[in-house]
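The values are calculated or read from the model by the stated rules, or taken from the named source; none is laboratory data. Please read these numbers as outputs of a predicted model, since none were measured by experiment. Please note: Cβ atoms are built from the backbone with ideal geometry, for glycine as well, and neighbour counts cover all protein chains shown. Accessible surface areas use protein heavy atoms only, side chains included; no ligands, DNA or RNA. Shrake-Rupley method; radii C 1.70, N 1.55, O 1.52, S 1.80 Å.
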Amino acid sequence: MTVGVGGKTSEQALSGLSNMAVGMEPIGLDEYRARIARAQELMRDQGIAAIYLNAGSNLRYFTGVKWSPSERMVGAVLPAAGPLVYIAPAFEEGTVRDFREVDGAIHTWHEHQNPYRLLLDMLVGMGIAAGARIGLCPSLAFFMYDGIRRLGSSFDFVNAACILDCCRFHKSVAELALMQRAKDMTLEVHKAAASILREGISTTEVAEFIQQAHRKVGAPGSTFCIVLFGEASAFPHGVKHAQVLKDGDMVLIDTGCQLHGYQSDITRSYVFGVPSERQRTLWNLEKAAQLAAFEAARLGVPCSSVDAAARRCLEAAGLGPDYQLPGLPHRTGHGIGLDIHEGPYLVRGDETPLAEGMCFSNEPMICVPGEFGIRLEDHFYMTASGPRWFTQPSHSIDDPFGLQA
């Protein structure tokens, strides 16, 4: 039997977990102010008079306001100089005021009023002249952009990603610390989940346990959870039906949580029982591809080169080429921070140079339709001396968590 897989009840596994979020502080006001100052400096350099930050992670990044986007406009306008101001439905003013970490006037609109007109009036009230370049949040829904456009505004609206990416791509010391702890928490949950596996357990039962385990280590719960057994593990994001564990099945668990908004996302694959030679060979190849990607991550090289390194490793062993199966059907990795998936991406065509503070998943999955899939996913961040793992990669197919290493 694979080391660390099976042997415990859910109760025993949960009893071994403790709150790991104790002592971890959320992002503070000084850092929010520094983020705003950095964005405003970039805006002045690029001739952008103001940016509209819509509800979601961009609004949270600069203001601390945790708000899910909906059909109602909630956000903030950040000018190139001066204080930011908020826009919100009148009945939500008190809640927005409570959530915000950065002070600013709140401009409100009632349900029968047009919030897009209010947004344009706010820009004029800030003294921004006709023809000025205004950055719009790249996650802004099209219907909102269309509503603004239909008013015939004289402003020149552009994608604010040119500013936001320069800020959000590079994580601070405080951000890295929150991400490190979130990933540490999820790794402990992975170990606990592996320990409760038994023949006949369902993927649904395992997912429910993982939800409880994430709460036990101090998270609100699982941000997401994919549990796959056997042939279903060849589908990167799963299938619609639950599976029941059998001896010799490949197990794939991909899950994560958040800590003060910052995300974890770790995948482990191992065998319930004794691995076959084919499972062992492909598992070792997956580990080699993950290492090849990590070693290719060097300051200044394009993100695409990391993806290329993983594919070369797999193609040399007869998999692929490109996205063909058996092989790697998706990109090697994604950026991570306040969003589970954010730019830049480790994929062909993304020529963003790797730089300090960038954080990525490293998950060059091998899919073999009709048999199984293997994904080993850990994350790394770029330092002045190169890449550094948040969590150490899986040790071996026989001892995936290194319990006997």
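If you check Thr352 against the conditions, is it surrounded by fewer than 18 Cβ atoms within 10 Å (Cβ to Cβ), in contact with a helix residue (DSSP H, G or I) (Cβ under 6 Å, 6 or more places away or on another chain) and among the hydroxyl-bearing types (Ser, Thr, Tyr)? Yes.
Conditions (1) farther than 23 Å from Ala317 by Cβ; (2) surrounded by fewer than 16 Cβ atoms within 10 Å (Cβ to Cβ); (3) out of contact with any His (no Cβ under 9 Å at 6 or more places or on another chain), marked per residue:
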site: Asn362; (1), (2), (3): no, no, no
site: Gly370; (1), (2), (3): no, yes, yes
site: Glu377; (1), (2), (3): no, no, yes
site: Tyr381; (1), (2), (3): yes, no, yes
site: Ser385; (1), (2), (3): yes, yes, yes
site: Trp389; (1), (2), (3): yes, yes, no
site: Pro393; (1), (2), (3): no, no, yes
site: Asp398; (1), (2), (3): no, no, yes
site: Leu403; (1), (2), (3): yes, yes, no
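Kindly check whether there is at least one residue in region 177-191 that is more than 19 Å from the chain's Cα centre (by Cα) and modelled with pLDDT of 95 or more. Looking for residues that are more than 19 Å from the chain's Cα centre (by Cα) and modelled with pLDDT of 95 or more, one finds at least one in region 177-191, hence yes.
Would you be able to say whether some residue in region 329-342 is modelled with pLDDT under 95 and either touching a His at 6+ places or on another chain (Cβ under 6 Å) or open to solvent by less than 50 Å² (accessible area, probe 1.4 Å) (or both)? No, because not a single residue in region 329-342 is modelled with pLDDT under 95 and either touching a His at 6+ places or on another chain (Cβ under 6 Å) or open to solvent by less than 50 Å² (accessible area, probe 1.4 Å) (or both). Here the condition is being more than 29 Å from Gly343 (Cβ to Cβ) and touching a helix residue (DSSP H, G or I) at 6+ places or on another chain (Cβ under 8 Å); of Leu119, Leu151, it holds for Leu151 alone. In the condition set (1) closer than 19 Å to Pro329 by Cα; (2) open to solvent by less than 10 Å² (accessible area, probe 1.4 Å), Leu178 is compliant with all but (1). Taking region 187-228 as the range and being open to solvent by 10 Å² or more (accessible area, probe 1.4 Å), assigned to a strand (DSSP E or B) and not hydroxyl-bearing (Ser, Thr, Tyr) as the test, the residues that pass are Phe224, Cys225, Ile226, Val227. Looking across region 137-171 at every residue that is in a loop (DSSP other than H, G, I, E, B) and polar (S, T, N, Q), the one that is least open to solvent (accessible area, probe 1.4 Å) is identified as Ser153.
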